[in-house]
Amino acid sequence: MVRAGTVAAIALMLLGAACEFGRQVADRADRGSPSGYVWQVPVGFPAPRVPIDNPMTPEKVELGRQLFHDPRLSGDGTVPCASCHRPELAYTDGRSRSVGSQGNIHPRSAMSLTNVAYNATLGWDDPTLTRLEDQALVPLLNTQPLEMGVAGREDEVLARFRDDRRYRQLFHRAFPKNEDPVSIRNVTYALASFERTLISGNSPYDRWAYGGEVDALDADERAGARLFFSQRLSCFRCHAGFNLSGPVVYDGSGTPEAQFHNTGLYNEDGRGAYPKANTGVQRHSGRSEDMGKFRAPTLRNIALTAPYMHDGSVPTLEAVLDHYAAGGRARSLGPDSQNIRPDSATDPLVIGFELTPEERRQLVAFLRALTDESFVLRARERSVQ
């Protein structure tokens, strides 16, 4: 039997190899993209993948930044993208469920935009949503639930920017080949370009794992890292890779198979059913085996993004650990307190484990060491119009 400490050591060795690969890719990225845009990526990180029809330019990024923080992009002119993705909260909103235009409550929690450029899929549960350009249309045009409230008011929203001399200039600089650059298509392309620059990789953990700073983590945080990468807890199996989020894409990578997990958060019928508004991948596929499957979010800046899970139903990091230690709510709340029924879609990795009070404290310390203060500072600076 392999000891958990040995598994942790192996995991950290593999992480070191991934770091070296990332450095090589990042070195190429520093020389710039074909469009002339120069990425500023952390040590050990590859350059993001950029679609051929939306090359990066500084002008497009700046336009996207301005639009992201401008409430005039919503149908009634009151709600900016930044209302659900607040820079100081690692681009989440601190709510269990997000609030859209006219006070509409979204059934899901706002997912962090930290390192969103590397996500193999976007949003919580849609396997087909793989481009930021397409994802931007979702909050703009959604009506069930109403988010930005632009559907049916596109001309009115665009007229606000055509009537603004500064924005006319920004659009023309970002899309100089377009005769009429103020369009919904260009709005989404600019937003996507800005979001690709939201790269975080300077946490104490990064400086320890990638930068070679042996003292960047204290003893408790290092012990927490060993627990995180241990076979006993297996946190790293879902929150994998340099983004601690599972499958990633980047410049030169292939396209990995999307992964979604049922974490046993609900069991409404004794077989792991989730509430109707949040059935995960099942709402897209219609397949019973996809019930409750959601994407594992990045753990980067996780201490800033409470409350947790797709519906914000878990308030703290400590409560998250309690949830997984118990083997999920479905297991503990089901009709059989010892075992969830075998036809449940709960991920087989969610089997429960025991943590001593010291181990619980150490694991939380490690998760808090994933906070990148410089990322938050840059985000705040970028939010200033």
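The values are calculated or read from the model by the stated rules, or taken from the named source; none is laboratory data. Note that this is a predicted model, so its numbers are computed, not measured. Virtual Cβ from ideal backbone geometry, glycine too; neighbours counted across all protein chains shown.
Set side by side, the residues P71, P107 differ, and just one is closer than 27 Å to V182 by Cα and either surrounded by fewer than 21 Cβ atoms within 10 Å (Cβ to Cβ) or at pLDDT below 95 (or both), which is P71. Tell me whether region 304-311 contains one or more residues that are buried (at least 18 other Cβ atoms within 10 Å of the Cβ), under 18 Å from the mean Cα position of the chain (by Cα) and in a helix (DSSP H, G or I). Yes, some residue in region 304-311 is buried (at least 18 other Cβ atoms within 10 Å of the Cβ), under 18 Å from the mean Cα position of the chain (by Cα) and in a helix (DSSP H, G or I).
Yes/no matrix, rows are residues, columns are (1) surrounded by fewer than 18 Cβ atoms within 10 Å (Cβ to Cβ); (2) modelled with pLDDT under 95; (3) basic (K, R):
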site: G100; (1), (2), (3): no, yes, no
site: L113; (1), (2), (3): no, no, no
site: W124; (1), (2), (3): no, no, no
site: L132; (1), (2), (3): no, no, no
site: R166; (1), (2), (3): yes, no, yes
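Close contacts from region 192-216, counting a first residue that is closer than 29 Å to L129 by Cα and at pLDDT 95 or above and a second that is of a type in the set (D, E, K, R) and in a helix (DSSP H, G or I), with Cβ to Cβ under 7 Å and a gap of 6+ residues or different chains, come to A192/E133; S193/K60; F194/R65. Those residues that are touching a strand residue (DSSP E or B) at 6+ places or on another chain (Cβ under 8 Å) and assigned to a helix (DSSP H, G or I), I need them from region 46-89; list them, please. If the condition is that a residue be touching a strand residue (DSSP E or B) at 6+ places or on another chain (Cβ under 8 Å) and assigned to a helix (DSSP H, G or I), then S83 is the only one that fits.
Looking at R271, R226, just one residue is under 22 Å from E354 (Cα atoms), basic (K, R) and touching a residue at least 40 places away in the same chain (Cβ under 8 Å), and that residue is R226.
Of all the criteria given as (1) in a loop (DSSP other than H, G, I, E, B); (2) charged (D, E, K, R); (3) closer than 25 Å to A369 by Cα, the one not satisfied by D251 is (3). The selection criterion, being surrounded by fewer than 22 Cβ atoms within 10 Å (Cβ to Cβ), out of contact with any strand residue (DSSP E or B) (no Cβ under 7 Å at 6 or more places or on another chain), closer than 23 Å to F260 by Cα and not polar (S, T, N, Q), does not hold for E156. Applying the criterion of at least 1 residues that are among the aromatic types (F, W, Y) to the helices (runs of 4 or more DSSP H) found wholly in region 134-245 leaves 154-162, 165-174, 184-195, 204-209, 219-228, 235-238.
S74 meets the conditions (1) without any contact (Cβ under 8 Å) to a residue 24 or more places away in the chain; (2) closer than 18 Å to T188 by Cα; (3) touching a Cys at 6+ places or on another chain (Cβ under 9 Å) in every case but one. The failed one is (1). A Cβ distance below 7 Å, combined with a sequence gap of six or more or placement on separate chains, defines the contacts here; from region 247-265, residues that are closer than 19 Å to T346 by Cα reach residues that are among the acidic types (D, E) and part of a loop (DSSP other than H, G, I, E, B) in the pairs F260/D125; H261/D347; N262/D347; T263/D347. Restricting to region 83-95, what's the tally of residues that are of a type in the set (G, A, S), crowded, with 18+ Cβ neighbours inside 10 Å and touching a residue at least 24 places away in the same chain (Cβ under 8 Å)? Residues in region 83-95 being of a type in the set (G, A, S), crowded, with 18+ Cβ neighbours inside 10 Å and touching a residue at least 24 places away in the same chain (Cβ under 8 Å): 1 in total.
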